[in-house]
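The values are calculated or read from the model by the stated rules, or taken from the named source; none is laboratory data. Fair warning: this is a prediction, and the values are worked out from it, not measured in the lab. As a convention, Cβ positions derive from the backbone with ideal geometry for all residues, glycine included, and neighbour counts pool all protein chains shown. Note: areas computed on protein heavy atoms with side chains; ligands, DNA, RNA excluded. Shrake-Rupley method; radii C 1.70, N 1.55, O 1.52, S 1.80 Å.
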Amino acid sequence: MAEYKQYLSQEQETGSVMISEDVVSTIAEHAISDVEGVVGIVSKPGADIADLINKNWGKGIKILIAEDNTMTIDCNIIISYGQSVVDIAQAVQAAIINAVESMT
């Protein structure tokens, strides 16, 4: 099983760039809020405790960055009544991918 870290790093000629999972979580959160049909992000019980240890797990977004810099973004969203879950889920995935790739 791969070991997970709390930041994404990329080596460059003049040094390395490190991006925190908190930054990626914030980018994903803003991308989700821009998708039409999404009412909100589900916060889980214990969100207050998760905030104390600086994790976004309680906020409904979980970021896992593996040693090989692959990233998994898991989010729990609320979709408005009458919307197609599949269409909204695909729109959320596309929005997160575009936002994270363009901002990082």
With respect to MET1, determine if the residue is modelled with pLDDT under 90, more than 12 Å from the chain's Cα centre (by Cα), surrounded by fewer than 14 Cβ atoms within 10 Å (Cβ to Cβ) and in a strand (DSSP E or B). no
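Residues in region 79-104 that are open to solvent by less than 80 Å² (accessible area, probe 1.4 Å) and either under 10 Å from ALA28 (Cβ atoms) or in a strand (DSSP E or B) (or both): how many?
Taking region 79-104 and keeping what is open to solvent by less than 80 Å² (accessible area, probe 1.4 Å), we get 79-80, 82, 84, 88-89, 91-92, 94-96, 99-100, 104.
Adding the requirement that they be either under 10 Å from ALA28 (Cβ atoms) or in a strand (DSSP E or B) (or both) leaves 79, 92, 95-96, 99-100.
Counting residues in region 79-104 that are open to solvent by less than 80 Å² (accessible area, probe 1.4 Å) and either under 10 Å from ALA28 (Cβ atoms) or in a strand (DSSP E or B) (or both) gives 6.
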Got a number for residues in region 19-52 being of a type in the set (A, V, I, L, M, F, W, C), more than 16 Å from the chain's Cα centre (by Cα) and either under 21 Å from MET71 (Cα atoms) or modelled with pLDDT of 80 or more (or both)? 1
